[in-house]
Amino acid sequence: MKPSSEPDMQSSWSTWASFIRQHRLEGLVTWLLESAGPLNVIGAQALIFGAPLLQPALNPVQIESITRLLEDPSEGRDFISFLKEKGSA
């Protein structure tokens, strides 16, 4: 997969954060990202494998973004910080 640009990533994060806050899932998403650890990689692989089934709901860029977020622990931590920061603003 080719890496996306930083503005695209931040745009996706803003959209996801809005959805997560709207449905009051901040605690659950934060907990899952922090505690799943190595299972995040398995989740990312499941997304890649299931991408054709998910494409009606998610476009390929969104799937790639979520996959990258799950595969890279530092990106997961950055998203958690972004979610908490935007939630308190």
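Exactly one condition in (1) modelled with pLDDT of 90 or more; (2) of a type outside the set (Ser, Thr, Tyr); (3) not in a helix (DSSP H, G or I) is not met by Ala57; state its number.
(1)
Report whether or not Ser4 is in a loop (DSSP other than H, G, I, E, B), surrounded by 11 or more Cβ atoms within 10 Å (Cβ to Cβ), modelled with pLDDT under 90 and among the hydroxyl-bearing types (Ser, Thr, Tyr).
Numbers: in a loop (DSSP other than H, G, I, E, B): yes; surrounded by 11 or more Cβ atoms within 10 Å (Cβ to Cβ): yes; modelled with pLDDT under 90: yes; among the hydroxyl-bearing types (Ser, Thr, Tyr): yes.
Criteria met by Ser4.
State which residue is modelled with the lowest pLDDT when the search covers only the stretch 9-41 and only residues that are of a type in the set (D, E, K, R) and within 13 Å of the chain's Cα centre (by Cα).
Going through the qualifying residues, I end up with Glu34.
The values are calculated or read from the model by the stated rules, or taken from the named source; none is laboratory data. Predicted model only: the values in this text are computed from it and were never measured. Here Cβ is always computed from backbone atoms with ideal geometry, including for glycine, and neighbour counts include all displayed protein chains.
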